[in-house]
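Engineer: Structure in structure tokens, see below.
The values are calculated or read from the model by the stated rules, or taken from the named source; none is laboratory data. Every value quoted in this text rests on a predicted model; they were computed, and no experiment measured them. When we count neighbours, we look across all protein chains shown, and the Cβ atoms used for this are built from the backbone with ideal geometry, even at glycine.
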Amino acid sequence: MGKKAVFELSDATYNYEGTAGYALDSVNLVINQGDSVSLLGANGSGKSTLLKLLDGLYFSVKGEVKAFGKIISESSMRDNKFSRDFHSKVGFVFQDPDVQLFLPTVWDEVAFAPLQMGIEKKRVREIVSEALNSLGLYNLKDRPPYHLSEGEKKKVSIASILTLDPEVWLMDEPSASLDPRTKGWLIDFVMSLAENGKTIIIATHDLEIPYVATELCYVLGQDHKISARGTAIEILNNEEILLKANLIHKHRHVHNGVAHAHPHKHWLF
């Protein structure tokens with residue numbers, strides 16, 4: 001038997017109130033259980049908006065978004081049973097940890113989601129300790145999140161999702177503002193999720209992430225539509241697709257008095 005669909009989008013369209021045009025225009029895609037996917041696109045192409053549709057934070061104004069075979073809508077998300085079941089399966093790591101972190105201590109942050117899900121307090125203490133230890137954060141458990149470095153904040157955001165052990169991880173520009181060591185840790189973490197069968201969807205314009213950590217790519221063009229889809233290798237080896245989506249650019253050089261230009265790929269190392 002084939003893998004089950006986790007998300008199915010049919011002509012999903014979204015626009016921000018008071019703005020002209022669409023932030024997403026007629027997006028069609030299927031993401032199956034266990035897929036590791038990069039949503040690639042330049043800033044403003046709609047990657048973050050698409051993640052928020054998948055997380056039930058935004059709702060399609062036209063077309064349809066399904067998760068686990070059920071339509072995501074304002075009415076379905078108002079159903080407590082549906083919403084609780086959905087959020088126990090889907091975790092969202094925001095681009096800016098300061099948007100996600102709001103409680104007095106690291107421990108409080110990491111304990112918040114399982115407590116909201118009604119998990120017994122003794123078990124919450126156990127899974128919070130496990131999450132903090134696994135990410136090397138236990139010695140920071142009493143620190144206010146706003147006193148942490150950007151890398152530490154990102155790890156706390158991830159730990160707050162890890163306590164629920166969701167089936168699906170949505171990550172918005174997870175490598176933003178990270179130093180090379182923390183970025184390396186992040187990529188290793190994403191790869192470990194994939195090895196454990198999790199469904200991973202990462203919105204990014206950092207081409208090192210699909211190169212190393214995901215198998216599939218959808219490319220969002222500057223017209224807010226899906227412009228290409230394929231394996232990571234197929235997409236990353238297609239200069240025409242990457243140039244058109246503004247994911248790579250041409251550098252101009254002069255050698256021996258002759259100017260020439262070639263695509264510049266920061267992600268090749």
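Engineer: Here's a check for you: in region 135-149, which residue that is of a type outside the set (A, V, I, L, M, F, W, C) and surrounded by 15 or more Cβ atoms within 10 Å (Cβ to Cβ) is nearest to the chain's Cα centre (by Cα)?
Structural biologist: Of everything passing the filter in region 135-149, Pro145 is nearest to the chain's Cα centre (by Cα).
Engineer: While we're looking at this one, here's another question. Does region 140-156 include one or more residues that are at pLDDT below 95 and within 25 Å of Gln33 (Cβ to Cβ)?
Structural biologist: no
Engineer: Restricting attention to region 131-151, which residues are among the hydroxyl-bearing types (Ser, Thr, Tyr) and part of a helix (DSSP H, G or I)?
Structural biologist: Scanning region 131-151 gives Ser134, Tyr138, Tyr146.
Engineer: Looking only at helices (runs of 4 or more DSSP H) that fall completely inside region 34-130, which ones have 2 or more residues that are crowded, with 16+ Cβ neighbours inside 10 Å and out of contact with any Gly (no Cβ under 7 Å at 6 or more places or on another chain)?
Structural biologist: 47-54, 80-89, 97-100, 106-116
Engineer: Find the residue count for region 243-266, including only residues that are surrounded by 11 or more Cβ atoms within 10 Å (Cβ to Cβ) and either among the β-branched types (Val, Ile, Thr) or modelled with pLDDT of 90 or more (or both).
Structural biologist: Residues meeting the conditions: 6.
Engineer: Given the structure, is Gly41 more than 29 Å from Lys81 (Cβ to Cβ) and over 18 Å from the mean Cα position of the chain (by Cα)?
Structural biologist: no
Engineer: Now for a separate question. So which pairs qualify, if the first residue must be in region 210-234 and closer than 19 Å to Asp11 by Cβ, the second must be hydroxyl-bearing (Ser, Thr, Tyr) and part of a helix (DSSP H, G or I), the Cβ gap must be under 9 Å, and the two must be at least 6 apart or on different chains?
Structural biologist: Here the result reads His224/Thr49, each pair linking region 210-234 to a residue that is hydroxyl-bearing (Ser, Thr, Tyr) and part of a helix (DSSP H, G or I).
Engineer: Could I ask something else about it? On the given criteria, is Val30 of a type in the set (A, V, I, L, M, F, W, C), surrounded by fewer than 20 Cβ atoms within 10 Å (Cβ to Cβ) and either in contact with a Ser or Thr (Cβ under 9 Å, 6 or more places away or on another chain) or not in a helix (DSSP H, G or I) (or both)?
Structural biologist: yes
Engineer: Quick one: how many residues across region 73-124 are in contact with a helix residue (DSSP H, G or I) (Cβ under 7 Å, 6 or more places away or on another chain), more than 21 Å from Gly56 (Cα to Cα) and of a type outside the set (Asp, Glu)?
Structural biologist: 6
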